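Colleague: Supplied in structure tokens, the structure appears directly below.
The values are calculated or read from the model by the stated rules, or taken from the named source; none is laboratory data. None of the values given here were measured: they were computed from a predicted structure. Glycine also receives a Cβ, built like all others from the backbone with ideal geometry; neighbour counts cover every protein chain displayed.
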Amino acid sequence: MMHGSVIGLQARMSIIIQSPKRGEVEIECVVDTGFEGFLTLPPAVIEQLQLP
């Protein structure tokens, strides 16, 4: 089950992203109802997880 909240008319939820190199990072996301198949991450999270 997923849980989230509404803040300032934005649906938000926390997700945990796992990397085999660096463990896991939890980030808060805004749920986009027009989702088209791509996700973006903040540069700091990409660096922390050592993603390409």
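Colleague: When you go through 46, 15 one by one, which is the residue that is of a type in the set (Val, Ile, Thr), surrounded by 10 or more Cβ atoms within 10 Å (Cβ to Cβ) and in a strand (DSSP E or B)? Give the steps one after another, and end with the answer.
Modeller: Details: 46 fails: in a strand (DSSP E or B).
Of 46, 15, the one residue that is of a type in the set (Val, Ile, Thr), surrounded by 10 or more Cβ atoms within 10 Å (Cβ to Cβ) and in a strand (DSSP E or B) is 15.
To keep it simple, each residue is scored yes or no on (1) modelled with pLDDT of 85 or more; (2) within 10 Å of the chain's Cα centre (by Cα); (3) β-branched (Val, Ile, Thr).
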site	(1), (2), (3)
4	no, no, no
13	yes, yes, no
32	no, no, no
36	no, no, no
39	no, yes, no
48	no, no, no
